[in-house]
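All remarks here apply to the structure that follows.
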Amino acid sequence: MDLINGIIHVFSPALLLYCFLGCLLGTLVGVLPGLGPAATMAILLPVTMNLKNPAGAIIMMAGIYYGAAYGGSTTSILTNIPGETSSVPTCFDGFPMTKQGRAGEALWIAAVGSFIAGTVGCILLSIIGPGFAKFAISFGPPEYFGLLLFSMTTLISLSGESPIKGLGVGILGMMLATIGTDPVSGVFRFDFGLVNLTRGIDLIPVAVGLFGIGEILMSSEAGMTKIYEGKLGKMMPRGKELRKGIWACLRGTALGFPLGMLPGMTPPVASFMAYDLEKKISKYPEKFGTGVIEGVAGPEAANNANAQAGFVPLMAFGIPTGPSPALMLAALMIYGLQPGPMLFITKKDFAWTIIGSMYVGNVMLLILNLPLVGFWARISTVPYKYLAPLILGVCGVAAYAARNTMFDVGIAVGAGVLGYLMKKAHWPIAPVILGFILGPMLEVSLSQSLNMGGPVIFLSRPIAMVFFILAIIIVFLSIRFLKRKVAKEILNEETDL
Amino acid sequence: MGEPVKRTIVIEATLFIVLGAVGIMEGLRLNRQPTDLFQMLGPGGYILVLGLVLMMTGAAHFIVDYGKSRSAEKEAVSTKERIRVAGLVVLLVGNIFLVEFAGYLVASIVFFSLTFKISGVRSWRTNIILGLCSAAAFYVVFVRLFDVIFPYGILFG
């Protein structure tokens, strides 16, 4: 009943418009390499503050997030350039399908698979989300600290090729977040005598810099160009191809959704795992990479289901599972809406409107992606040399608009250079943002827990202890993986000698 | 070929250790400040722990990754590409000062014209036209539609 009311509420002209804008922007962002959903959401955050419609703003941001998952497949299939990291596996078989004149089939199955996964994801979110929220009502500061610690540990362990690098940049993000005022005592930290630093560093310039400016600098160095190759051919696969594609979509959804509820298991992780799965269970694994429909359908469905699933811990616990949900969290907090279990109680209408908008958004995305595929293909032919300056301009405006100070633009440029250097050195970027957002929450919950009863308080809270044990297991597995990796490399070197 | 990568690891590890040390010093400084509030962790306790972990991470990065740096390959980046990136960074920084001096509109015309040039648009006439059009579009969208208030600059303020 709540869900139906939520969907009905979305059908107001204003909310429908915001939903459409979000889906359109998300698809555009997905089509254009160089600007991901996280950067776009960071750029739009200060702009949405002027909208005076919190539901509309959040619906638009959500549309950008799952819309980018749809749009990224278009350039992967048509040009072999992934629009998003989560669309990289789609290139493996999508582009070969284009070269065979089957681009239309690849685009169709990617769009329909995304729709199936998105819709199933919405249904599961509607069922699981409130249940998780009810469970989370029993959480106090110790439980939240445990959950946050587990989240950070998982995120760090799963980031990039090395957990050490993930830990380093995660801690760096947490330290950046401490600049400004201590949340308990109000003393200034890391201000170095500068008035601007006493206000702390805002999330938006950091996110815009790391994800937006950093990406543009990398892409400019790489000298990116866009080329559209191949004809679309017939749109819909038939017979056996259609059946294989649909089954791969369902498998991708089944894999992507549970993963999406775990911190660190972002859409790129899900799409790679889905591709691996399809290859492993296929009767002809040697054909993967030559234009197999399951190689497109599985990853696309997984990344969409994963994107929807990220809203479960976000809305139920207030814990983001990746950079884009982290920015959604920031948007909710800007509007004074604390995500967490109370959202489903005190702001029930708002919560169900957001969930309802996802159903509507998935239908809009199907319409945007299928009939308009030729339009998106033409967009992808716009040379990057014309897009890059405009994107940089938008990044600058977004960084400024957060607090109306050029100091924040300076922060964004600094973060952009840092993001560029980190990408060059193959350091993961997501833990910086997640540490930046989760760090203060971790600090406050730790401080509150210790003030409640000292360190022994954790021993008397079984849920917190479970999270601690899980975090220790994750750390143990990471160290074991690292040891194996180092041992393997030493062995390889000895063999080479 | 391994040498530059080894150097990179030393720089990275040193950076983390230095940042960690800064964190520890700040944490100790904050904890020495008198406060009436009861706070078991103290205003600097959290930062102290972060600084310590960061130092340990830097040391671990050096110990684990220094030995295996030989197998990494150096990416080939041409001087032209490096100049393009450096040029963009200089423009971004210069734009901040130009906005404060000449205001947003003038600064954005200059910024866009030069950025299009660096990005690869060859003709200066095209760059200037694109710069003017982009600045005008941004002004209409962000200043008029979204009510973002940009600095007028010392020159026009």
Which numbered condition A:L314 misses (of (1) within 23 Å of A:N369 (Cα to Cα); (2) surrounded by 24 or more Cβ atoms within 10 Å (Cβ to Cβ)): (1)
Index of the failed condition, B:E26 passing every other in (1) at pLDDT 90 or above; (2) open to solvent by less than 50 Å² (accessible area, probe 1.4 Å); (3) more than 7 Å from chain A (Cβ to nearest Cβ): (3)
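Give the residue, chosen from B:V77, B:V10, B:V49, B:V90, that is modelled with pLDDT of 90 or more, out of contact with any helix residue (DSSP H, G or I) (no Cβ under 6 Å at 6 or more places or on another chain) and either more than 10 Å from every other protein chain (Cβ to nearest Cβ) or surrounded by fewer than 18 Cβ atoms within 10 Å (Cβ to Cβ) (or both). Even if it seems obvious, please write down each step before you answer.
Details: B:V77 fails: modelled with pLDDT of 90 or more; B:V10 fails: modelled with pLDDT of 90 or more; B:V49 fails: either more than 10 Å from every other protein chain (Cβ to nearest Cβ) or surrounded by fewer than 18 Cβ atoms within 10 Å (Cβ to Cβ) (or both).
That would be B:V90, the only listed residue that is modelled with pLDDT of 90 or more, out of contact with any helix residue (DSSP H, G or I) (no Cβ under 6 Å at 6 or more places or on another chain) and either more than 10 Å from every other protein chain (Cβ to nearest Cβ) or surrounded by fewer than 18 Cβ atoms within 10 Å (Cβ to Cβ) (or both).
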Candidate set from segment A:237-250 (those that are in a helix (DSSP H, G or I) and touching a helix residue (DSSP H, G or I) at 6+ places or on another chain (Cβ under 6 Å)); member that is most open to solvent (accessible area, probe 1.4 Å): A:K244
Unmet requirement for A:G180, which otherwise passes all of (1) at pLDDT below 85; (2) more than 25 Å from A:P82 (Cα to Cα): (1)
Test: residue in segment A:183-202 that is among the small types (G, A, S), in a helix (DSSP H, G or I) and open to solvent by 20 Å² or more (accessible area, probe 1.4 Å): no
Residue identified as open to solvent by 10 Å² or more (accessible area, probe 1.4 Å), of a type in the set (A, V, I, L, M, F, W, C) and under 24 Å from the mean Cα position of the chain (by Cα) among A:I127, A:I109, A:I137: A:I127
Segments classed as helices (runs of 4 or more DSSP H), wholly inside segment A:69-172, with at least 3 members that are closer than 24 Å to A:L277 by Cα, touching a Pro at 6+ places or on another chain (Cβ under 9 Å) and modelled with pLDDT of 80 or more: A:88-99, A:103-136
Failed item, numbered, when A:M265 is tested on (1) open to solvent by 10 Å² or more (accessible area, probe 1.4 Å); (2) assigned to a helix (DSSP H, G or I): (2)
Which listed residue is touching a Leu at 6+ places or on another chain (Cβ under 8 Å), modelled with pLDDT under 85 and open to solvent by less than 60 Å² (accessible area, probe 1.4 Å), from A:I437, A:I474: A:I437
Members of segment A:1-44 found to be open to solvent by less than 20 Å² (accessible area, probe 1.4 Å) and either of a type in the set (S, T, N, Q) or without any contact (Cβ under 8 Å) to a residue 40 or more places away in the chain (or both), listed by number: A:T27, A:T40
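With the requirement that a residue be more than 22 Å from B:V93 (Cβ to Cβ) and outside any loop (DSSP other than H, G, I, E, B), what does segment B:140-153 give you?
Here is the first cut: in segment B:140-153, the ones more than 22 Å from B:V93 (Cβ to Cβ) are B:140-141, B:143-147, B:149.
The answer is B:V140, B:V141, B:V143, B:R144, B:L145.
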Near pairs, Cβ below 6 angstrom, 6+ apart or cross-chain, from segment A:270-289 (over 21 Å from A:N306 (Cβ atoms) and in contact (Cβ under 8 Å) with a residue 40 or more places away in the chain) to any residue that is of a type in the set (A, V, I, L, M, F, W, C) and in a helix (DSSP H, G or I): A:G289/A:F92
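Does at least one position in segment A:360-382 carry a residue that is within 14 Å of chain B (Cβ to nearest Cβ) and in contact (Cβ under 8 Å) with a residue 40 or more places away in the chain? Talk me through it step by step, then tell me what you get.
Taking segment A:360-382 as the starting set, the residues that turn out to be within 14 Å of chain B (Cβ to nearest Cβ) are A:382.
If we keep only those that are in contact (Cβ under 8 Å) with a residue 40 or more places away in the chain as well, we get A:382.
Yes: one or more hits.
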Options A:L438, A:L421, A:L450: the member that is away from every other protein chain (no Cβ under 12 Å) and hydrophobic (A, V, I, L, M, F, W, C): A:L438
Lone unmet requirement of (1) at pLDDT 85 or above; (2) surrounded by fewer than 24 Cβ atoms within 10 Å (Cβ to Cβ); (3) not aliphatic (A, V, I, L, M) for A:Y228: (1)
Residue in segment B:60-73 that is within 7 Å of another protein chain (Cβ to nearest Cβ), open to solvent by less than 30 Å² (accessible area, probe 1.4 Å), within 29 Å of A:G453 (Cβ to Cβ) and modelled with pLDDT of 75 or more present: no
Total residues in segment A:251-262, condition open to solvent by 50 Å² or more (accessible area, probe 1.4 Å) and closer than 20 Å to A:L107 by Cα: 1
Which listed residue is part of a helix (DSSP H, G or I), open to solvent by less than 40 Å² (accessible area, probe 1.4 Å) and over 30 Å from A:A301 (Cβ atoms), from A:A412, A:A351: A:A412
Pairs with Cβ under 6 Å, 6+ apart, first in segment A:429-451 and of a type in the set (D, E), second assigned to a helix (DSSP H, G or I): A:E443/B:Y46
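The values are calculated or read from the model by the stated rules, or taken from the named source; none is laboratory data. Every value quoted in this text rests on a predicted model; they were computed, and no experiment measured them. Heads up, the Cβs are rebuilt from the backbone with ideal geometry, glycines too, and the neighbour counts pull from every protein chain shown. In case anyone asks, the SASA skips ligands and DNA or RNA and just uses the protein heavy atoms, side chains included. Shrake-Rupley method; radii C 1.70, N 1.55, O 1.52, S 1.80 Å.
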